[in-house]
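One structure is given here, and the rest of the page talks about it.
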Amino acid sequence: MSESFANTTFALDSRARVLYHRRRLVSYTGWAICGASFLILAAALVDILVEITVGGFPALNLKLFTESTQGVSGGLLNAIEGTVLLTVGSVAIAGPLGIGVGVYTSEKRHHLFSRVVRFMGDVLVGVPSIVLGLFGYITMVVTLGWHFSVLAGAITLAIMIIPYIARTTELALMALPGSLRESAYSLGASEASVILRVLMPSCAGRILTGLLLAMALSMGETAPLIYTVGWSNYTWNGHLTHEPVGYLTYVIWSFINEPFESAHKLAFAAALLITFFALAITLGSRLVLSRLDKS
């Protein structure tokens, strides 16, 4: 009896050791794959940053920020100004709409219409940006007669980033504990007061992070703007419609194919500026989120 029990115990111990070593092998293999993937991604990112810096840094000078493009030479004042206008304009349009959609899909998540809205937002995320540009061209540039303009480009970019803002807002609100809502309602607060005075301040950092990341996303787009904004070698004169503007991504896309060294310098300088702006926005959003989480 004791011998049989000892054999059974030995068999169980042997099986446990086999399973333990198998789990360790699988774990080490998984970590090795994750590490290799990280190194590949990091190497690609470093290579891109080095390539852009080496090509763009020598082209940085005062003329770049004080003069507009002159054919394939000159500065990038008009492109920088147009990029700022389009980015700020798109976020100004998409911000309130995206936050409103996110609040609705979070607080009314069990309603059928809320599920439909969430599904349509997911579908819109998958639509290629060039298709949105074609939509903007047909509806605003041609049908409404706005021609190439800041407003047409900003609205098209806003349509593209609304789903991202809505989803980050929804996730930020859903991450809040349910007791926070229950406590506010138990004190007699209305639904609007709960949302505006309790929930929104509690996740303001995450919502702001979503806005900043959407801003960085819209800043790097080219395809929608080719159809809706066009290109201009001049600075903006204040008209929202019937006037094209310049933007940095067009310089990257178009000037790099020109057979002139001045065009290549401007393309690399534009790539360096747009990368720096996007990196600054991303790091700023992380800093804001960490500060607000600690407070």
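The values are calculated or read from the model by the stated rules, or taken from the named source; none is laboratory data. Note that the structure is predicted; figures quoted are calculated from it, not measured. All Cβ positions, glycine included, derive from the backbone under ideal geometry; neighbour counts span all protein chains shown.
When you look at residue 170, is it touching a helix residue (DSSP H, G or I) at 6+ places or on another chain (Cβ under 8 Å) and among the charged types (D, E, K, R), yes or no? It is true that residue 170 is touching a helix residue (DSSP H, G or I) at 6+ places or on another chain (Cβ under 8 Å) and among the charged types (D, E, K, R). Within the range 26-84, restricting attention to residues that are under 12 Å from residue 273 (Cα atoms) and of a type in the set (Ser, Thr, Tyr), the residue that is surrounded by the fewest Cβ atoms within 10 Å (Cβ to Cβ) is 53.
Taking residues in the range 229-255 that are farther than 16 Å from residue 141 by Cβ, and partners anywhere that are of a type in the set (Gly, Ala, Ser) and in a loop (DSSP other than H, G, I, E, B), the pairs with Cβ atoms closer than 7 Å and at least 6 places apart or on different chains are 233/68; 233/246; 234/68; 235/68; 246/232; 249/220. Scan the range 278-295 and give yes if some residue there is of a type in the set (S, T, N, Q), closer than 16 Å to residue 87 by Cα, surrounded by fewer than 17 Cβ atoms within 10 Å (Cβ to Cβ) and in the same structural domain as residue 83 (by TED's automatic domain parsing), otherwise no. Yes: the range 278-295 contains one or more residues that are of a type in the set (S, T, N, Q), closer than 16 Å to residue 87 by Cα, surrounded by fewer than 17 Cβ atoms within 10 Å (Cβ to Cβ) and in the same structural domain as residue 83 (by TED's automatic domain parsing).
Screening the candidates 64, 39 for the property of being in the same structural domain as residue 271 (by TED's automatic domain parsing), assigned to a helix (DSSP H, G or I), aliphatic (A, V, I, L, M) and at pLDDT 85 or above yields one hit, 64. Taking the criterion of being closer than 17 Å to residue 164 by Cβ, among the hydrophobic types (A, V, I, L, M, F, W, C) and surrounded by 14 or more Cβ atoms within 10 Å (Cβ to Cβ), the only residue of the range 126-145 that qualifies is 132.
Of the residues that sit in the range 101-116 and are in a helix (DSSP H, G or I) and touching a residue at least 24 places away in the same chain (Cβ under 8 Å), which one is nearest to residue 230 (Cα to Cα)? This residue is 101.
Candidates are the residues of the range 163-199 that are of a type in the set (Gly, Ala, Ser) and within 29 Å of the chain's Cα centre (by Cα); the one that is farthest from residue 124 (Cα to Cα) is 178. Could you go through the range 59-72 and let me know if any residue there is out of contact with any Leu (no Cβ under 7 Å at 6 or more places or on another chain), touching a residue at least 60 places away in the same chain (Cβ under 8 Å), at positive phi and not aliphatic (A, V, I, L, M). Within the range 59-72 (the criterion being out of contact with any Leu (no Cβ under 7 Å at 6 or more places or on another chain), touching a residue at least 60 places away in the same chain (Cβ under 8 Å), at positive phi and not aliphatic (A, V, I, L, M)), the answer is yes, since at least one residue qualifies.
Scanning the range 117-162 for residues that are more than 17 Å from the chain's Cα centre (by Cα) and outside any helix (DSSP H, G or I) yields 144, 145, 146, 147, 148, 149. Counting only helices (runs of 4 or more DSSP H) wholly contained in the range 199-283, the ones carrying 1 or more residues that are within 23 Å of residue 97 (Cβ to Cβ) occupy 204-219, 223-228.
Can you work out which of the residues in the range 156-167 that are among the β-branched types (Val, Ile, Thr) and either buried (at least 22 other Cβ atoms within 10 Å of the Cβ) or free of Cβ contacts under 8 Å to residues at least 12 places away in the same chain (or both) is nearest to residue 243 (Cα to Cα)? The qualifying residue nearest to residue 243 (Cα to Cα) is 156.
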